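What follows draws every value from the coordinates through simple rules; no lab data is involved. All values reported here derive from a predicted model rather than from experimental measurement. Cβ sites come from the backbone with ideal geometry, for glycine too, and all protein chains shown count toward neighbours.
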Amino acid sequence: MLGLKLPTDSRWVNIVEQNIEEILTDHAYCEQKATTNAINIIVRYPEHTDMVDALLEIAKEELMHFTMVHDKIKERGWALGRQREDEYVNDLLKFVRTGYNRHIALIDKLLFSALIEARSCERFKILSEKINDPDLKSFYHELMVSEANHYTAFLKFAKKYAQGEDVDKRWQEFLDYEAGIIANYGKKETMHG
C-alpha cells in the first residue's frame, strides 16, 4: 500500500529496544516537526481552503501525538531530551525542487510530506508487530493508522493540485530516491535513522 521500495530491516527493532528513551525522544520531535511542516504548507498556500482545513486537522493530530509520546516519556520516569537533527529528512529534502514556481514547490512539498508519513507508518507497523514492550506495541499500532491517513491526504492534495504535473511519475521518482537514501539508515535508535 505504501509503495516504499526498500523495507526497513526488522532487526531495527532490536536497536530500538536497546534505548527506548532515545527513540521516544526522537519520535516526539518527529511529531513536532510534522506539526510545523503542516503549518508551513498552510502559511505558504492559504488559497487552497480544503487543503488548509485538512492540514489544520493533521497539525492538531501531530501535536496530539507529540503530547502522547511526551506522556509515554514521563510515565517511564524520563524527561524529554534535546532535539536531534533528522538526517533522513535532510537527505530527503535535497530531492525537493527549489527555485521553481509555487505550484511545483507545492507538489514536491506534499510528496515529501507523504513520503515521510509513509516511512513513519512503516516503522510504526514494525514496532507494533515486533517490539517486546506491550504498551508500546499497542501505542504504535494506534499511531500507524493515523500516519497512513496523513500519507494518503498529502498524496491526494498533490494529485488534486497537479495542474498538468505528472504526480504519479514524480511520486515514483521520490520513492526511487528514498530507496537510495534509506539504505543508509535503520542502524540507530531513531525513528528514521
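Run the dipole for the chain about the Cα centre, Lys and Arg Cβ at +1, Asp and Glu Cβ at -1, nothing else charged, and hand back the magnitude in debye, nearest 20.
320 debye
Label the stretch 10-109 by shape, choosing from rounded, prolate and oblate, from the square roots a ≥ b ≥ c of the eigenvalues of the Cα gyration tensor; if a/c is under 1.5 it is rounded, and otherwise prolate applies when a/b is larger than b/c, oblate when it is not.
oblate
Could you list Lys125, Lys137 so that the one with the fewest beta carbons within 10 Å of its beta carbon is first and the one with the most is last? Mind showing how you got there, number by number?
Working: Lys125 19, Lys137 14.
So the ranking, lowest neighbour count to highest, is Lys137, Lys125.
Given the Cα-Cα distance of Arg76 and Leu93 and 0.36 nm per residue of separation, how much length would full extension add, in nm?
2.8 nm
I want to verify a result. In a Gaussian network model of the chain, Cα cutoff 10 Å, which of these has the top mean-square fluctuation: Ala114, Ala179, Ala59?
Judging by the Gaussian network model, the answer is Ala179.
Output the 0 to 90 degree angle, nearest 10, between the alpha-carbon long axis of helix 20-44 and the longest principal axis computed from the alpha carbons of the chain.
That helix lies at roughly 20 degrees to the long axis.
Using 1/(1 + (r/R0)^6) with R0 = 35 angstrom and r between the beta carbons of Glu47 and Asn132, what's the FRET efficiency to the nearest 0.05?
Result of the calculation: an efficiency of 0.15.
Among Lys160/Lys187; Lys125/Lys169; Lys94/Lys188, which pairs are too far apart, with a Cα-Cα distance over 31 Å?
Beyond 31 Å between Cα atoms: Lys160/Lys187.
By how many degrees, between 0 and 90 and to the nearest 10, does the Cα long axis of helix 134-160 differ from the longest principal axis of the chain?
The helix 134-160 is inclined about 10 degrees to the chain.
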